[in-house]
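A short write-up of the structure that comes next.
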């Protein structure tokens with residue numbers, strides 16, 4: 001029986017795996033999206049900047065920026081769930097986690113409900129995996145700004161999952 005690892009070592013390995021996953025996608029850096037990890041739960045953060053404004057008269061976040069933010073959140077959540085499972089089951093040693101290319105799902109369809117204007121401030125999102133099989137996954141994403149119970153957008157997406165052999 002293996003001796004349990006110190007909590008700090010486990011936390012550092014998980015944070016490094018998330019950084020590797022997110023850092024491997026240039027579009028995430030372009031958008032400025034960050035991810036806050038608490039255990040296995042991820043919260044996506046889209047820091048506000050003026051380039052995200054679509055209608056300067058309101059001002060309101062651009063619908064495309066909102067949709068991209070929610071879609072990135074869904075994709076990273078699915079990839080993170082796969083990576084998390086591999087890490088926690090011991091199926092992927094540390095050196096493999098560091099060297100692994102992120103396996104990202106491919107979008108089949110993605111439907112966004114714009115519930116209210118996105119204000120010129122930071123936005124947050126969380127994704128919930130409704131179903132994830134070997135080839136297909138369904139995800140629901142919720143986006144909010146100041147109050148989690150007042151969503152400004154939500155989305156549902158279906159994704160083609162990468163093969164575990166990739």
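The values are calculated or read from the model by the stated rules, or taken from the named source; none is laboratory data. For clarity, every value in this text was computed on a predicted model and none was experimentally measured. In this analysis, Cβ positions are derived from the backbone assuming ideal geometry, glycine residues included, and neighbour counts consider all displayed protein chains.
One table, with the values for the structure above:
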item: Condition check for residue 3: closer than 23 Å to residue 84 by Cα and part of a loop (DSSP other than H, G, I, E, B); result: yes
item: Only listed residue being touching a strand residue (DSSP E or B) at 6+ places or on another chain (Cβ under 9 Å) and modelled with pLDDT under 95, chosen from 5, 41; result: 41
item: Qualifying residue in segment 20-29 (condition: surrounded by 15 or more Cβ atoms within 10 Å (Cβ to Cβ), within 18 Å of the chain's Cα centre (by Cα) and assigned to a strand (DSSP E or B)); result: no
item: Answer residue from segment 113-141, given it is closer than 30 Å to residue 56 by Cβ and crowded, with 20+ Cβ neighbours inside 10 Å and is farthest from the chain's Cα centre (by Cα) among those; result: 118
item: Count - residues of segment 24-51 that are free of Cβ contacts under 8 Å to residues at least 24 places away in the same chain and touching a helix residue (DSSP H, G or I) at 6+ places or on another chain (Cβ under 9 Å); result: 6
item: Conditions (1) at pLDDT 95 or above; (2) touching a helix residue (DSSP H, G or I) at 6+ places or on another chain (Cβ under 7 Å); (3) surrounded by 15 or more Cβ atoms within 10 Å (Cβ to Cβ): number failed by residue 71; result: (2)
item: Number of positions in segment 32-53 that are buried (at least 16 other Cβ atoms within 10 Å of the Cβ) and over 13 Å from the mean Cα position of the chain (by Cα); result: 3
